[in-house]
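**Student:** Pasting in a structure now, in C-alpha cells, and then I'll have a few things to ask.
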Amino acid sequence: MKKPQEFIPLFKQFIKDSESGKRLKKNGERITPSSTKVYKYVLQNLTQFSIEAKFELRICSILRLSTRELQSEKSYWKKFYKGFTEFMYKKGCYDNYVGSNIKIIRVFFNWLKEEKDIYVGDFHKSFYIRKEEIDILVLTPDQLKFLIHDKVFEKKLTSTQIKLKNIFVFGCTTGLRFSDIFLLTNKNFEKTNNEWYLKVKSQKTKTYSFIKLPNYAVEIYQKYIPKSSSTPIFGEKDLSNFNRSLKRIGEMAGFTDVVDISREKQGVTKKITAKNAKNRFCDNMSSHMMRRTAITTMLILGMPELLVRKISGHSSASNSFNRYVHYAQTYIDKELSKVHDKLELYEI
C-alpha cells in the first residue's frame, strides 16, 4: 500500500481553499463565510473523534492497490463512518447535524479527487446522510397581531427589546431570512403610487422579491431609517443575542404553552423531555420562526400557494415548502373542527 497522507492537514487545506476563493461552487460563485464556518465545526468534530476514539485519520490513494488492499480500504472507511457517527450521537447530536457533517465530508472527498488528484475511491458514497423533519413551530395569526399592535405590552419592554421585537415582526411579515434582514438598506425600500415596497435579492438563493409592505412594517422601517443610504437599517447582526432576547420577549408575551418537541437519532424518533421548562413555546422561539411564520400565515389567511412561493423564493418542487402547506392545512382543519363542533351541538 502506498504511504498514506494525514487527513486533518488536507481538510485544513480544503477549508483554506474554500475561504480564499481557490475552491468555488459549481456555478463559479465563491463559498460563503457561513459555509466555511460550518467546515471548521466539522474539522473540530473530526479532530475530537480522532483523539477520543483513538482512530487514526488518514488518506490513501487506491490506484494500483491489490484486491486485498482495496478490501482493507473499504473496511477502513466503513469503520470510520460507523465510529464517527456513533461518536456524534453519543455527544447528543441528532440526525440533521450528523447528516450535515457527513455531507461535508463527502464534499471533501470529491475535492481530493477533483482538485488534489488524490483518488481515494468511492467509499464515501456509501456514507448515508440522514435527515429528519423537525417540528415546525410558528406564531399563530393572533400571536403575531399581539406583537404588532399591543402597546400595553410594548411599554413593558426595554428599548432594545422593542427593536428586537420589531425586527422579529418585520421578518414574520416579509418572510426574509435573518441574514437578509440585516443587509437591508434604504436602497431596498421604494415608494410607488403612495405604496411602499421592499426590493431584495436573497443572499442564499439569489432570487429577487418585490414585496408590498403593510403600514406597520413601513412604520418599523421609518423608525430605524439611517441617514446614510448604505448603512444597514437594523444595525449589526448578533444571532445569539437575538435568539436569547426573543425567548425572553416571548415569555413576557405569555407564549408559555407547553409544546411537544421530537427529534430523530438514527431514524428513531425521540421525544425531547422537559429540562428547566425548556419545552415551552417561548423557549423554542428563534430567528428561524420569522420566515416560517410569514409563509404559514400567508397560507392560513388564504393567499394562493403559487404567490406565496413567489414571495418566499421556493421552487415548485421544494419539499421544504410542502411542509408549510401541510402545517397550514393542519391548522385550518383544527379551526374548522371548532366550527363543526358548534354546529353539531343542537339543543331543544
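The values are calculated or read from the model by the stated rules, or taken from the named source; none is laboratory data. These numbers were taken from a predicted model, which means no experiment stands behind them. Neighbour counts are summed over all protein chains in view; Cβ atoms, including those assigned to glycine, are modelled from backbone coordinates with ideal geometry.
**Student:** Going by the conditions given, is Thr207 closer than 23 Å to Met289 by Cβ, surrounded by 21 or more Cβ atoms within 10 Å (Cβ to Cβ) and in contact (Cβ under 8 Å) with a residue 60 or more places away in the chain?
**Tutor:** Spelling it out, it is not the case that Thr207 is closer than 23 Å to Met289 by Cβ, surrounded by 21 or more Cβ atoms within 10 Å (Cβ to Cβ) and in contact (Cβ under 8 Å) with a residue 60 or more places away in the chain.
Residue-by-condition table, conditions (1) at pLDDT 85 or above; (2) at negative phi:
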{"site": "Ser245", "(1), (2)": "yes, yes"}
{"site": "Ala253", "(1), (2)": "yes, yes"}
{"site": "Lys265", "(1), (2)": "yes, yes"}
{"site": "Val268", "(1), (2)": "yes, yes"}
{"site": "Lys271", "(1), (2)": "no, yes"}
{"site": "Asn276", "(1), (2)": "no, no"}
{"site": "Arg280", "(1), (2)": "yes, yes"}
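**Student:** Contact list please: Cβ distance under 9 Å, first residue in the range 241-262 and over 17 Å from Leu144 (Cβ atoms), second residue among the β-branched types (Val, Ile, Thr) and crowded, with 20+ Cβ neighbours inside 10 Å, pairs at least six apart or on different chains.
**Tutor:** From residues that are over 17 Å from Leu144 (Cβ atoms), the pairs are Phe242/Ile167.
**Student:** Within the range 327-348, work out how many residues are under 14 Å from Val138 (Cβ atoms) and surrounded by 10 or more Cβ atoms within 10 Å (Cβ to Cβ).
**Tutor:** Number satisfying all stated conditions: 6.
**Student:** Which condition number does Lys151 fail, the rest of (1) touching a residue at least 12 places away in the same chain (Cβ under 8 Å); (2) in the same structural domain as Thr296 (by TED's automatic domain parsing); (3) basic (Lys, Arg) being met?
**Tutor:** Of (1) touching a residue at least 12 places away in the same chain (Cβ under 8 Å); (2) in the same structural domain as Thr296 (by TED's automatic domain parsing); (3) basic (Lys, Arg), only one is false for Lys151: (1).
**Student:** Let me ask something additional. Report yes if Lys247 is in a loop (DSSP other than H, G, I, E, B), among the basic types (Lys, Arg) and either surrounded by fewer than 16 Cβ atoms within 10 Å (Cβ to Cβ) or not assigned by TED's automatic domain parsing to the domain that holds Lys82 (or both), otherwise no. Steps first, please.
**Tutor:** Numbers: in a loop (DSSP other than H, G, I, E, B): no; among the basic types (Lys, Arg): yes; either surrounded by fewer than 16 Cβ atoms within 10 Å (Cβ to Cβ) or not assigned by TED's automatic domain parsing to the domain that holds Lys82 (or both): yes.
So Lys247 does not fit the description; no.
**Student:** With Ile295, Ile233 as the choices, which residue is crowded, with 17+ Cβ neighbours inside 10 Å, within 20 Å of Arg177 (Cβ to Cβ) and over 22 Å from the mean Cα position of the chain (by Cα)? Give the derivation first.
**Tutor:** On the way: Ile295 fails: over 22 Å from the mean Cα position of the chain (by Cα).
Going through Ile295, Ile233 in turn, just one is crowded, with 17+ Cβ neighbours inside 10 Å, within 20 Å of Arg177 (Cβ to Cβ) and over 22 Å from the mean Cα position of the chain (by Cα): Ile233.
**Student:** Considering Ile134, Ile220, Ile211, Ile162, which residue is in the same structural domain as Phe321 (by TED's automatic domain parsing) and of a type in the set (Val, Ile, Thr)? Explain how you work it out, then say what you get.
**Tutor:** On the way: Ile134 fails: in the same structural domain as Phe321 (by TED's automatic domain parsing); Ile220 fails: in the same structural domain as Phe321 (by TED's automatic domain parsing); Ile211 fails: in the same structural domain as Phe321 (by TED's automatic domain parsing).
Ile162 is the lone residue from the list that is in the same structural domain as Phe321 (by TED's automatic domain parsing) and of a type in the set (Val, Ile, Thr).
**Student:** Checking the conditions here, which among Tyr331, Tyr324 is assigned to a helix (DSSP H, G or I) and in contact with a Leu (Cβ under 7 Å, 6 or more places away or on another chain)?
**Tutor:** Values: Tyr331 fails: in contact with a Leu (Cβ under 7 Å, 6 or more places away or on another chain).
The conditions single out Tyr324.
**Student:** I would also like to ask the following. Can you tell me which of Asn186, Asn194 is touching a Ser or Thr at 6+ places or on another chain (Cβ under 6 Å) and surrounded by fewer than 17 Cβ atoms within 10 Å (Cβ to Cβ)?
**Tutor:** Asn186
**Student:** For the range 158-183: of the residues being aliphatic (A, V, I, L, M) and either at pLDDT 95 or above or touching an Asp or Glu at 6+ places or on another chain (Cβ under 8 Å) (or both), which is farthest from Ser34 (Cα to Cα)? Steps first, answer last, please.
**Tutor:** Of the residues in the range 158-183, the ones aliphatic (A, V, I, L, M) are 162, 164, 167, 169, 176, 181, 183.
Next, only the ones that are either at pLDDT 95 or above or touching an Asp or Glu at 6+ places or on another chain (Cβ under 8 Å) (or both) stay: 162, 164, 167, 169.
Numbers: Ile162: 28, Leu164: 22, Ile167: 21, Val169: 25 Å.
For the range 158-183, the residue satisfying everything is Ile162.
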